[in-house]
Amino acid sequence: DSLRAALRKIAGASYIDEALIKEIVRDIQRALIQADVNVQLALAITKNLQHRALNETPPPGMSPRENVVRIIYEELVKILGQAREVPLQKQRILLVGLYGQGKTTTAGKLGKYFQKKGLSVGLVAADVHRPAAYDQLKQLSEQVNVAFYGEPGEKDAVKIAKHGVKALEASDVLIVDTSGRHALEPDLIKEIESVAKAVEANERLLVLDATTGQNGLAQAEVFSREAGVTGLILTKLDGSAKGGVAIAVADRLGVPIQFVGVGEAVEDLAPFEPAAYVEWLLTD
Ligand code: GDP
């Protein structure tokens with residue numbers, strides 16, 4: 001919201017002068033720091049922004065106003081880094097995250113995504129704490145028509161994971177749903193470690209609800225530190241939340257955002273595109 005307010009100032013100004021540029025740069029700096037972006041980074045970005053906005057002549061055909069907007073946009077995309085290609089190869093993906101973030105739904109969506117790319121997929125139900133997760137994942141596997149393994153009633157996630165790897169050996173992409181909690185407790189960390197080891201996971205993707213706002217950053221930091229997260233999936237971006245936390249998360253964690261969830265249906269998943277995301281973030 002603060003970033004969009006800064007852009008509205010540019011749109012509403014009768015002309016662009018140094019005073020306005022300095023004001024906008026201060027607004028953006030404040031917005032980034034409020035959003036928990038590292039202070040050093042926020043300062044570096046805004047310094048760069050100010051220098052460019054004051055010194056770069058607009059490309060042919062571009063007004064000074066459009067030029068400033070273009071520079072702001074480019075500097076924000078820089079924080080998010082390059083889009084990381086999702087490898088289309090044999091791999092094992094572990095999904096981790098707290099309750100209700102969209103982990104199980106995302107497992108089904110990923111199944112559909114890789115299947116559409118021509119890879120065979122197997123889903124493993126290793127969430128042993130939420131009893132309904134087994135049925136939910138089984139139904140999703142039937143809906144997207146991919147292989148499934150689970151043991152209803154079994155409380156040992158590692159056992160299920162080991163059996164699942166064996167049963168679904170033929171699948172190119174193995175996606176393992178793990179237990180959630182209301183907080184990342186020590187026993188959950190241990191379980192994630194053991195399951196990751198048992199399945200020899202290539203990726204540990206944290207599923208994060210974009211509507212949790214800045215809480216999401218604290219959550220992501222703990223998961224990253226304690227559970228060795230290698231990437232993020234930001235869910236529920238179809239609501240009113242723009243998931244501005246993504247900027248701080250990308251900055252602080254140094255792990256890429258791989259996918260975004262944009263709805264409840266199995267096809268509502270897309271690879272994360274930093275440039276498209278910033279454009280959308282800045283649009284009213
Ligand atoms: P889990 O506890 O992390 O496994 O969470 P679930 O997969 O059961 O999802 C919790 C709720 O969020 C369900 O009602 C899902 O339909 C919903 N959900 C998951 N991803 C998305 C998304 O991208 N957009 C929307 N609108 N809802 C989502």
Residue 270 within 23 Å of residue 3 (Cβ to Cβ), outside any loop (DSSP other than H, G, I, E, B), free of Cβ contacts under 8 Å to residues at least 12 places away in the same chain and under 14 Å from the mean Cα position of the chain (by Cα): yes
When restricted to 261, 243, 239, the only residue within 14 Å of the ligand (Cβ to nearest atom), touching a Gly at 6+ places or on another chain (Cβ under 6 Å), in contact (Cβ under 8 Å) with a residue 12 or more places away in the chain and not hydroxyl-bearing (Ser, Thr, Tyr) is 261
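Before we move on, is residue 86 among the β-branched types (Val, Ile, Thr), away from the ligand (no atom under 13 Å from the Cβ) and surrounded by fewer than 24 Cβ atoms within 10 Å (Cβ to Cβ)?
yes
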What about residue 99, is it more than 15 Å from the chain's Cα centre (by Cα) and more than 8 Å from the ligand (Cβ to nearest atom)? no
Looking at residue 56, is it touching a helix residue (DSSP H, G or I) at 6+ places or on another chain (Cβ under 9 Å) and either under 30 Å from residue 222 (Cα atoms) or free of Cβ contacts under 8 Å to residues at least 40 places away in the same chain (or both)? yes
Any chance the range 98-116 includes a residue that's buried (at least 19 other Cβ atoms within 10 Å of the Cβ), in contact (Cβ under 8 Å) with a residue 24 or more places away in the chain and over 22 Å from residue 173 (Cβ atoms)? yes
Residues in the range 66-91 that are free of Cβ contacts under 8 Å to residues at least 24 places away in the same chain and among the aliphatic types (A, V, I, L, M) total 1
Does the range 192-226 hold any residues that are modelled with pLDDT of 90 or more and basic (Lys, Arg), and which are they? 197, 204
Scan 174, 168 and give me the residue that is over 30 Å from residue 5 (Cβ atoms), modelled with pLDDT of 95 or more and touching a helix residue (DSSP H, G or I) at 6+ places or on another chain (Cβ under 7 Å). 174
Candidate set: the range 117-147, residues that are within 12 Å of the ligand (Cβ to nearest atom) and in a helix (DSSP H, G or I); chosen: the one surrounded by the most Cβ atoms within 10 Å (Cβ to Cβ): 137
Being under 30 Å from residue 29 (Cα atoms) and touching an Asp or Glu at 6+ places or on another chain (Cβ under 7 Å) narrows it down to one residue among 157, 218, 248, 241; which is it? 248
Residues in the range 258-284 that are more than 12 Å from residue 237 (Cβ to Cβ) and crowded, with 21+ Cβ neighbours inside 10 Å total 3
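Just name the residue that is surrounded by the fewest Cβ atoms within 10 Å (Cβ to Cβ) out of those in the range 168-227 that are among the polar types (S, T, N, Q) and not in a helix (DSSP H, G or I).
The initial filter retains those residues of the range 168-227 that are among the polar types (S, T, N, Q), namely 171, 178-179, 194, 202, 211-212, 214-215, 219, 224.
Pick out the ones that are also not in a helix (DSSP H, G or I) and you get 171, 178-179, 202, 214.
Details: 171: 23, 178: 30, 179: 20, 202: 16, 214: 14.
Among them, the one singled out is 214.
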With the condition kept exactly as written, say whether any residue in the range 225-236 is in contact with a helix residue (DSSP H, G or I) (Cβ under 8 Å, 6 or more places away or on another chain), more than 16 Å from the ligand (Cβ to nearest atom) and within 27 Å of residue 5 (Cα to Cα). no
For the range 24-53, enumerate the residues that are assigned to a helix (DSSP H, G or I), under 22 Å from residue 213 (Cβ atoms) and in contact (Cβ under 8 Å) with a residue 24 or more places away in the chain. 27, 28, 30, 31, 32, 34, 41, 45
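Each row is one residue, and each column tells you yes or no for (1) more than 17 Å from the chain's Cα centre (by Cα); (2) farther than 21 Å from residue 253 by Cβ.
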{"position": "53", "(1), (2)": "yes, yes"}
{"position": "60", "(1), (2)": "yes, yes"}
{"position": "68", "(1), (2)": "yes, yes"}
{"position": "77", "(1), (2)": "no, no"}
{"position": "90", "(1), (2)": "yes, yes"}
{"position": "95", "(1), (2)": "no, no"}
{"position": "109", "(1), (2)": "no, yes"}
Filter result for residue 254 (closer than 21 Å to residue 83 by Cα, without any contact (Cβ under 8 Å) to a residue 24 or more places away in the chain and either more than 16 Å from the ligand (Cβ to nearest atom) or surrounded by 18 or more Cβ atoms within 10 Å (Cβ to Cβ) (or both)): yes
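The values are calculated or read from the model by the stated rules, or taken from the named source; none is laboratory data. These numbers come from a predicted model, not from an experiment. Backbone-built Cβ (ideal geometry, glycine too); neighbour counts: all protein chains shown.
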